[in-house]
Every structure is written in C-alpha cells, then in structure tokens.
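S.K.: Let me give you the structure first, and then I'll get to my questions.
The values are calculated or read from the model by the stated rules, or taken from the named source; none is laboratory data. Predicted, not measured: the structure shown is a model, and the values here were computed from it. For neighbour counting, all protein chains shown are included, and Cβ atoms are generated from backbone atoms with ideal geometry for every residue, glycine included.
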Amino acid sequence: MSQYISPKKSLGQHFLMDPNIARKIAASLTGYGGYKHVLEIGPGTGMLSKYLIQHEDYQWTGLEVDGEAIAFLKNAYPAEEDRIIAGDFLRYDLHDFFGSEAFAVIGNFPYNISSQIVIRVLNFRKQIPEVVGMFQKELALRIAAPPGSKTYGILSVLTRAFYDVKVLFHVDPHVFMPPPKVQSTVIRLIRKTPFFLECDESLFFTVVRTAFNQRRKTLKNSLKGLPVQWDKIPGHFIKERPEQLDVHDFVQIARNIKAGKA
C-alpha cells in the first residue's frame, strides 16, 4: 500500500511492509485493564491498522499528522473515516476524543519523537493501562534497562515508576520502506497497581532528572542544588551514582526534600 505515499524524512516515516510483523504487533495487546479503545499513533499506510480494525474487542482510532496518509487511510478504510484524526500525539488534547475513558496506545513510533511519546504516555497514565510500541532498538533497551545497567537512565526510571516493561521482539530494517539504518524493537508497557507514588511526583521527576543530568557524579554532588535531608536517607546513598538506585530509592529521596525549598 505504501507505494501511494511518499515516506517523509521530516516526520521520521519508515513504513512497515511485512504483514506478519504487523499482525504480531497487534496480537501483543493483552487487553489489560479492560479498555475498549486503542489509539494507534502514526498509522501511515494502515499496515498495522488493518489488524487492529479487525479486532472484535477494540475500537480503533488513528492519530496521524501526514495529510497524504490521512487521505489514503480514509480511502482505504471508509467505514473508519470518523476515527481517523488529523493531529500530533504530543499536542492533541486526548480528552476531546476519549473523555475520561481508558485507552491503549500502539504504533510503529517515529524514532525522532519516540522518547517524547513515552513521556506523554506517563502524563496520561491514569487513562493508559497498556502500550505496545516499536522503537529504535537502542531506545527500547534503554527504557527496559534495570538498575546497574550502563543504559539505565531517566527514561528507564520514569517508565519503571508506573509501568512494567517487557521486550517482546526485534525487527530487522528490511521490513520497512525505506529501511532505517538501525534495528527496531517492540516493547510492551503494562501499568502497575497502584500507578501512583508515595511522594510528591513532581519532586520525584525533578530528583531523577537532576541526578542523571550529572550521572558521573555521586548523588550528594549531583543533587547538591536540592534541599535533601540526607540524615533521613540510608547513608550509602551519598556515595552512590544514580544508575545504582531503583525507583523506590528515588522515591525515598523525593520524600525527604524540605518542603517548599526544591
């Protein structure tokens, strides 16, 4: 189908051409949380959309920024015309379409904005119990990285705070048009229960970002700009680096920042 649409480099488009991979991605949704709506980000030529539209348990919606792709999708799936939305996931007010209802997110995510997509998912986590996404392999493994890993970083901690992450399978470049210069990986996020933290969540985000922005320094040095009450935190934290701490450890730090002084 993609022969009718020109992939646009500015949009990071690499159209999936292998129906078996598309079917496998669609089948990776578990339905966790009992949602009925599935939002596909950047459906492009509809290779993945086809299998989501056919699924009896889900109501598919496609969010696409490319006008050429939107016209193609409306022609290919006329019965779904009202569910093909022109918009950018990073800016679109999702409440306008879903209200307060739960929905899953799925897609072959554009590499140039995929980390931003994850952050937006975290912001909407109350409504998003599950995500299945194709990422550049390097980023996917970074999201899934455990504490102590060299690739463990800000996105790893923030995602793990609210979702369980599972690497599903890797995808070779030749199944895309045009082929990307990197391998791709599909991962699944399942929202944790509970999906809130026992601390001020804005402080938690600040602590994590501040710590990893100077990841070569010990926590005592990287967080020196924050009023952390170190005497209320396990003593070994002072000498450790951020990649050595898990989500619970960062929560402890956030809970011990002097109120009103962060």
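S.K.: Across segment 144-172, which residue is farthest from the chain's Cα centre (by Cα) among those that are outside any strand (DSSP E or B) and of a type in the set (Phe, Trp, Tyr)?
M.R.: Residues of segment 144-172 outside any strand (DSSP E or B): 144-162, 172.
Now narrow it down to the ones that are of a type in the set (Phe, Trp, Tyr): 152, 162.
Values: Tyr152: 15, Phe162: 11 Å.
The selected residue is Tyr152.
S.K.: Shifting gears a bit: Can you find a residue in segment 161-180 that is closer than 15 Å to Tyr111 by Cβ, of a type in the set (Phe, Trp, Tyr) and touching a residue at least 40 places away in the same chain (Cβ under 8 Å)?
M.R.: Yes, the conditions are met somewhere in segment 161-180.
S.K.: Within segment 125-150, restricting attention to residues that are modelled with pLDDT under 95 and out of contact with any Ser or Thr (no Cβ under 9 Å at 6 or more places or on another chain), which residue is farthest from Pro179 (Cα to Cα)?
M.R.: Ranking the qualifying residues of segment 125-150, first place goes to Gly148.
S.K.: Can you tell me which condition Gln214 does not meet? The list is (1) surrounded by 15 or more Cβ atoms within 10 Å (Cβ to Cβ); (2) in contact (Cβ under 8 Å) with a residue 12 or more places away in the chain, and all the others hold.
M.R.: (2)
To keep it simple, each residue is scored yes or no on (1) under 22 Å from Ser156 (Cα atoms); (2) modelled with pLDDT of 95 or more.
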{"site": "Lys217", "(1), (2)": "yes, no"}
{"site": "Trp230", "(1), (2)": "no, no"}
{"site": "Asp246", "(1), (2)": "yes, yes"}
{"site": "Ile257", "(1), (2)": "no, no"}
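S.K.: Against the condition in a helix (DSSP H, G or I), touching a Leu at 6+ places or on another chain (Cβ under 8 Å), farther than 21 Å from Arg216 by Cα and not basic (Lys, Arg), how does Ala140 come out, does it pass?
M.R.: Numbers: in a helix (DSSP H, G or I): yes; touching a Leu at 6+ places or on another chain (Cβ under 8 Å): no; farther than 21 Å from Arg216 by Cα: yes; not basic (Lys, Arg): yes.
When the stated conditions are applied, Ala140 does not pass them.
S.K.: Continuing with the same structure: Only one residue in Phe204, Phe196, Phe237 is closer than 17 Å to Val157 by Cα and at pLDDT 95 or above, so which one is that? I'd like the intermediate steps shown before the answer.
M.R.: Details: Phe196 fails: at pLDDT 95 or above; Phe237 fails: at pLDDT 95 or above.
Matching residue, one of Phe204, Phe196, Phe237: Phe204.
S.K.: Sort through Gly87, Gly99, Gly46, Gly62 and tell me the only one that's in the same structural domain as Thr185 (by TED's automatic domain parsing), over 27 Å from Leu139 (Cβ atoms) and without any contact (Cβ under 8 Å) to a residue 60 or more places away in the chain.
M.R.: Working: Gly87 fails: over 27 Å from Leu139 (Cβ atoms); Gly46 fails: over 27 Å from Leu139 (Cβ atoms); Gly62 fails: over 27 Å from Leu139 (Cβ atoms).
Going through Gly87, Gly99, Gly46, Gly62 in turn, just one is in the same structural domain as Thr185 (by TED's automatic domain parsing), over 27 Å from Leu139 (Cβ atoms) and without any contact (Cβ under 8 Å) to a residue 60 or more places away in the chain: Gly99.
S.K.: I'd like to verify a number: residues in segment 173-195 that are of a type outside the set (Phe, Trp, Tyr) and assigned to a strand (DSSP E or B), how many?
M.R.: Of segment 173-195, the ones of a type outside the set (Phe, Trp, Tyr) are 173-175, 177-194.
Restricting the remaining residues to those that are assigned to a strand (DSSP E or B) gives 177, 184-191.
Within segment 173-195, residues that are of a type outside the set (Phe, Trp, Tyr) and assigned to a strand (DSSP E or B) number 9.
S.K.: Only one residue in Ala161, Ala71 is farther than 28 Å from Phe250 by Cα, out of contact with any His (no Cβ under 9 Å at 6 or more places or on another chain) and either buried (at least 16 other Cβ atoms within 10 Å of the Cβ) or among the hydrophobic types (A, V, I, L, M, F, W, C) (or both), so which one is that? Explain how you work it out, then say what you get.
M.R.: Details: Ala161 fails: farther than 28 Å from Phe250 by Cα.
Unique residue meeting the criteria: Ala71.
S.K.: Could I ask something else about it? Let me confirm something: among Thr185, Thr210, Thr218, which residue is of a type in the set (Ser, Thr, Tyr) and assigned by TED's automatic domain parsing to the domain that holds Met47?
M.R.: On the way: Thr210 fails: assigned by TED's automatic domain parsing to the domain that holds Met47; Thr218 fails: assigned by TED's automatic domain parsing to the domain that holds Met47.
Being of a type in the set (Ser, Thr, Tyr) and assigned by TED's automatic domain parsing to the domain that holds Met47 holds for just one of Thr185, Thr210, Thr218, which is Thr185.
S.K.: (1) under 17 Å from Ala102 (Cα atoms); (2) surrounded by 17 or more Cβ atoms within 10 Å (Cβ to Cβ): which one isn't true of Ile25, the others all being true?
M.R.: That leaves (1) as the condition not met.
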